[in-house]
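The values are calculated or read from the model by the stated rules, or taken from the named source; none is laboratory data. What you see is a predicted model, and the numbers here were worked out from it, not measured in a lab. Neighbour counts run over all protein chains shown; Cβ positions are idealised from the backbone, glycine included.
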Amino acid sequence: MRIVMVGSGYVGLVSGACFADFGHEVVCVDKAEEKITALNKGVMPIYEPGLDLLVGNNKAAGRLSFTTDLGPAVEAADVVFIAVGTPSRRGDGHADVSYVYAAAAEIAQSIKGFTVVVTKSTVPVGTGDEVERIIRETNPDADFAVVSNPEFLREGAAIDDFKRPDRIVIGLSDDRARAVMTEVYRPLYLNQSPLVFTGRRTSELIKYAANAFLAMKITFINEIADLCERVGADVQDVSRGIGLDGRIGAKFLHAGPGYGGSCFPKDTLALVKTAQDHDSPVRLIETTIAINDNRKRAMGRRVIAALGGDVRGKKIALLGLTFKPNTDDMRDSPAIAIAQTLQDSGAIVSGFDPEGMENARQLINIEFASGPYQAAEGASAVVLVTEWNQFRALDLSRLKSSMAAPVFVDLRNVYRAPEVEAHGFTYHGVGKAD
Ligand SMILES: NC(=O)c1ccc[n+]([C@@H]2O[C@H](COP(=O)([O-])OP(=O)(O)OC[C@H]3O[C@@H](n4cnc5c(N)ncnc54)[C@H](O)[C@@H]3O)[C@@H](O)[C@H]2O)c1
């Protein structure tokens with residue numbers, strides 16, 4: 001199959017490289033010239049484990065190429081995926097689908113022969129209908145079908161998720177498109193990955209419902225964690241105790257500083273807006289958003305409390321800045337709200353992240369250190385914000401030796417209190433009675 005991927009960000013680049021690895025001929029398009037120039041030089045514009053190797057191998061094999069020129073690529077394509085961003089629209093929180101519609105109009109101009117246009121971006125219900133309308137209006141002679149195929153990969157494990165998905169959701173009504181999509185995903189289908197064929201609107205909603213459910217699950221355990229602290233229970237044991245129940249499942253039951261990232265915050269909000277527009281409010285999700293928004297700053301206040309309530313002039317070190325490990329993505333990371341809360345209270349904040357420093361510089365104004373021990377120098381507390389492997393086996397004696405006061409706030413429950421306290425620290429976890 002000749003595939004074009006419009007948008008070469010986290011989703012487009014990973015999906016494009018994986019499709020090429022399946023043996024398809026893939027052209028990744030992006031309008032950001034610097035991204036395409038970098039990719040053509042073999043430099044990855046994002047950090048994702050294993051991506052450089054996958055891209056390099058498939059480029060060398062002649063199956064994967066990069067361009068800013070959408071027209072010729074689309075002319076030759078059997079399938080065109082739209083994988084552009086759908087951020088929150090400023091002001092009202094609806095998903096901003098303007099990039100999707102702009103891409104659809106551009107694609108329409110170059111369609112030749114039967115072409116399947118697939119929205120891989122996360123888009124509100126009805127977006128596929130509008131994409132279809134735009135293409136028909138722009139190019140009335142085009143022979144095409146519009147399909148919804150939302151992506152469920154997780155940053156940090158994106159390649160594995162794409163190649164071994166729990167399911168592939170495909171929303172369509174056109175038989176020719178169904179045959180093409182089956183061919184596109186044949187390697188996974190042969191590998192027993194379930195293909196869920198459904199209507200386009202249903203497919204669009206499945207993605208939002210999935211993300212909203214996961215956000216709600218995280219928020220649930222975060223509230224239980226707060227309760228654990230009040231009643232002298234341990235949230236990690238509660239998670240295990242409920243997670244072993246097959247009806248509940250163990251995943252997404254890790255208490256922490258609240259969800260962040262490029263998907264959950266904007267997708268939960270967009271779902272709430274869609275639901276309100278249709279007079280069918282999703283109150284569980286509205287509440288989830290409110291709890292999570294409050295939680296991020298509450299984590300900052302928790303650090304202040306751990307330091308006795310006054311942090312003016314004190315240095316506090318954040319270990320990990322990205323919203324989760326193994327990515328450089330800083331979008332809506334809890335570290336942003338935590339840093340700001342601490343700074344608002346007069347603290348001097350330092351921080352280190354293995355991959356997210358460059359993106360963090362655009363969003364927060366803290367002292368950026370060259371490593372965890374450097375960040376902790378002179379600090380009155382270290383706060384483990386993101387559970388990078390590198391922070392799982394810190395030399396606690398070394399860490400403490402350069403600190404002004406030995407306070408360790410572990411927002412991911414990576415450590416056990418006794419092992420940290422044995423090094424002379426005061427330890428604060430999440431969902432554990434201090
Ligand atoms: N990041 C994730 O983990 C993830 C997971 C599942 C789904 N999604 C969804 O996938 C979509 C893309 O997310 P992302 O994180 O990859 O975004 P991103 O911001 O990393 O990448 C989007 C890319 O699209 C490019 N672009 C925009 N308009 C274009 C156009 N007309 N022509 C060519 N290129 C264009 C941008 O320059 C950018 O490089 C979003 O809808 C998101 O919700 C993301």
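Of note:
- Residue that is nearest to the ligand (Cβ to nearest atom) [pool: residues in the range 262-294 that are among the small types (Gly, Ala, Ser), at pLDDT 95 or above and under 20 Å from the mean Cα position of the chain (by Cα)]: ALA270
- Among the residues of the range 270-286, those that are touching a residue at least 12 places away in the same chain (Cβ under 8 Å) and farther than 15 Å from PHE213 by Cβ comprise LYS273, THR274.
- From ASP96, ASP21, ASP30, ASP92, residue being over 28 Å from THR127 (Cα atoms) and either at pLDDT below 95 or not assigned by TED's automatic domain parsing to the domain that holds ASP332 (or both): ASP21
- The residues listed here are ARG176, ARG133; of these, the one that is more than 16 Å from the ligand (Cβ to nearest atom), within 19 Å of GLU75 (Cβ to Cβ) and either assigned by TED's automatic domain parsing to the domain that holds VAL6 or assigned to a helix (DSSP H, G or I) (or both) is ARG176.
- The helices (runs of 4 or more DSSP H) found entirely in the range 1-60 that carry 3 or more residues being buried (at least 24 other Cβ atoms within 10 Å of the Cβ) are 10-21.
- The condition of being surrounded by fewer than 21 Cβ atoms within 10 Å (Cβ to Cβ) and within 30 Å of THR322 (Cβ to Cβ) holds for only one of ALA157, ALA142, that being ALA157.
- VAL117 being buried (at least 20 other Cβ atoms within 10 Å of the Cβ), within 14 Å of the ligand (Cβ to nearest atom), assigned to a strand (DSSP E or B) and modelled with pLDDT of 95 or more: yes
- Residues satisfying the stated conditions in the range 180-211, i.e. assigned to a helix (DSSP H, G or I), under 17 Å from THR119 (Cα atoms) and free of Cβ contacts under 8 Å to residues at least 40 places away in the same chain: THR182, THR202
- Exactly one residue among TYR185, TYR189 is away from the ligand (no atom under 16 Å from the Cβ) and at pLDDT below 95, and that residue is TYR189.
- When LEU51, LEU13, LEU70 are screened for being assigned by TED's automatic domain parsing to the domain that holds GLU106, near the ligand (Cβ under 9 Å from one of its atoms) and under 18 Å from the mean Cα position of the chain (by Cα), only LEU13 passes.
- Single residue of the range 115-170 satisfying the filter (among the small types (Gly, Ala, Ser) and more than 18 Å from the chain's Cα centre (by Cα)) that is farthest from ARG89 (Cα to Cα): ALA142
- Subset of the range 86-114 [in contact (Cβ under 8 Å) with a residue 40 or more places away in the chain, over 26 Å from GLN276 (Cβ atoms), in contact with an Asp or Glu (Cβ under 9 Å, 6 or more places away or on another chain) and not in a loop (DSSP other than H, G, I, E, B)]: SER110
- Qualifying residue in the range 44-55 (condition: more than 30 Å from ASN389 (Cα to Cα) and touching a residue at least 24 places away in the same chain (Cβ under 8 Å)): no
- In the range 120-130, the qualifying residues are those that are more than 12 Å from the ligand (Cβ to nearest atom) and of a type in the set (Gly, Ala, Ser), and the one that is nearest to LEU172 (Cα to Cα) is GLY128.
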